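I have placed the structure first, in the form of structure tokens, so that the comments after it can refer back to it.
The values are calculated or read from the model by the stated rules, or taken from the named source; none is laboratory data. Just so it is clear, the structure is predicted and the values come from calculations on it, not from any experiment. Glycine gets a Cβ as well: all are built from the backbone with ideal geometry, and neighbour counts include every protein chain shown.
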Amino acid sequence: MPKVLILNSFPCDWDPDTVEGSPENAYILNCLADSGFELFILAPPGGDACGKRIPYRTIKMPAPAGKRGNRLKRYLNHVKFYIHLNRAFISEAKEILKEEKFDLIWAIGTPAAPAAHWLGEKYRIKKAVKAPGVFELNSYHPLIKALPLYFVDLIAFSLPFDRFLLVDDGTQPDQVLLRMGRSRDQFDIFPNPYPEEWKIDDRKRRELRGKLDIPEDAVTVGWAARYHPLKGVDLITPIVREILERFSGVYFVFAGFREDVFPLRHPNLRFLGMIPHREMLDFYNLIDIFIQTNRASSYGLPVIEAEYLGLPVIGFRVGASERAVVDGETGFLIRPFDLGEYVDRLSLLISDQNLREEIGRKARKWIIDNHISWKTRCEMERKALISILRE
């Protein structure tokens, strides 16, 4: 079976039981290991979600890019960090390649792409890069205007890899490649899947609500993301404030960040911080409505998961959001960024339990009928890697 050297741009994130944030690596890499792939991972230090089944080595990281100083200085520090990061990957990989042979070098994440390409060329090994999303890159016309902010992605997409593997998270990385002159047969695109092994669990719902001191009959609204401008953190605050003024008995539960970064204080707010993905799936069981305020796309993995677990979803009509939410059927898509409409739709769901349950049932069925499971997604990626080696 294929032997793959992985340059993982993200720290230690391939144990399904403990990974925080995106579970992409945890699902895919373990699936590949199950199917007989021999994997070796190079990754930055940090985190505690590596597990024991996939061998790995951490690289010697450069000092982090500074966040102080003027914009030019911060930008130059970022470029310097990027260069040193790739040098670190190359240095460590060269030591490994002295003793072992690999069939494929695979950069997971665009920051490690230059190192993967250089190593593939030097050692005559097939090479691939995986891009998890390009955020607002498609909004730039012409594309060259995006270079100061998105040089990492643009450099990765400009390099002659044997294959580009793209995560279809609604930000349309395939459109970026096409705009850069790539042909459709040079990349594969993989949709966000649903967690087929996870079930709706009323017992878990009662247990989790008890732990968070949320009344059993209270309507609970959930929001999950990093506290980042692209996630619409400036939009969630006025929405929460208005809903709490309209409904004194509604609770909000936030996953992905701590209480100290949120500007509101209220007894009906609960903050879970960063939690392992397994706990994130339980999170959907304790809420009644799932909301997103993403500025780039409402087609992220949490939306697919929430709908699969029977929740109505509200998000903005941005990116490829229509492929994740059927407006009026599985949830609501709001005009960007109309907070009045957003609050009205959310108020409607809060007020009408029958409507919530009807939309939740439709959401679950629609996801099962129109999306794929992680099992299917893993098989798609496995076949893509095998096809690279056969070309």
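Can you go through Leu97, Leu119 and tell me which one is of a type in the set (A, V, I, L, M, F, W, C), modelled with pLDDT of 95 or more and touching a Phe, Trp or Tyr at 6+ places or on another chain (Cβ under 7 Å)? One residue alone meets the criteria, Leu97. Among all positions in the range 71-87, there is no residue which is part of a loop (DSSP other than H, G, I, E, B) and of a type outside the set (Val, Ile, Thr). Of the residues in the range 211-226, not one is outside the structural domain of Gly310 (by TED's automatic domain parsing), surrounded by fewer than 21 Cβ atoms within 10 Å (Cβ to Cβ) and free of Cβ contacts under 8 Å to residues at least 40 places away in the same chain.
Helices (runs of 4 or more DSSP H) fully within the range 132-218 that include at least 2 residues being among the aliphatic types (A, V, I, L, M) and out of contact with any strand residue (DSSP E or B) (no Cβ under 6 Å at 6 or more places or on another chain): 147-158, 173-179.
Is at least one residue of the range 8-29 without any contact (Cβ under 8 Å) to a residue 12 or more places away in the chain and part of a loop (DSSP other than H, G, I, E, B)? No, the range 8-29 contains no residue that is without any contact (Cβ under 8 Å) to a residue 12 or more places away in the chain and part of a loop (DSSP other than H, G, I, E, B).
Take the residues in the range 281-305 that are more than 16 Å from the chain's Cα centre (by Cα) and charged (D, E, K, R); name whichever of them is surrounded by the fewest Cβ atoms within 10 Å (Cβ to Cβ). The selected residue is Asp282.
Restricted to the range 74-127, and to residues there that are basic (Lys, Arg) and within 28 Å of Gln186 (Cα to Cα), the residue that is nearest to the chain's Cα centre (by Cα) is Lys127. All conditions but one from (1) more than 15 Å from Ala225 (Cα to Cα); (2) at pLDDT 95 or above; (3) in contact with a Phe, Trp or Tyr (Cβ under 9 Å, 6 or more places away or on another chain) apply to Gly319; the one that does not is (2).
Yes/no matrix, rows are residues, columns are (1) more than 20 Å from the chain's Cα centre (by Cα); (2) of a type in the set (Val, Ile, Thr); (3) buried (at least 20 other Cβ atoms within 10 Å of the Cβ); (4) assigned by TED's automatic domain parsing to the domain that holds Leu230:
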position	(1), (2), (3), (4)
Val129	no, yes, yes, no
Val134	no, yes, yes, no
Leu137	no, no, yes, no
Phe157	no, no, yes, no
Ile189	no, yes, no, no
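With respect to (1) without any contact (Cβ under 8 Å) to a residue 60 or more places away in the chain; (2) assigned to a helix (DSSP H, G or I), the lone exception for Gly315 is condition (2). One residue stands out among those in the range 1-29 that are of a type in the set (D, E, K, R) and touching a Cys at 6+ places or on another chain (Cβ under 9 Å): the one that is surrounded by the fewest Cβ atoms within 10 Å (Cβ to Cβ), which is Asp15.
Of all the listed residues (Arg390, Arg382, Arg361), the sole one being in contact (Cβ under 8 Å) with a residue 24 or more places away in the chain and closer than 30 Å to Gly120 by Cβ is Arg382.
Does Gly51 satisfy being touching a strand residue (DSSP E or B) at 6+ places or on another chain (Cβ under 9 Å) and at pLDDT below 95? Taking the combined requirement at face value, the residue does not satisfy it.
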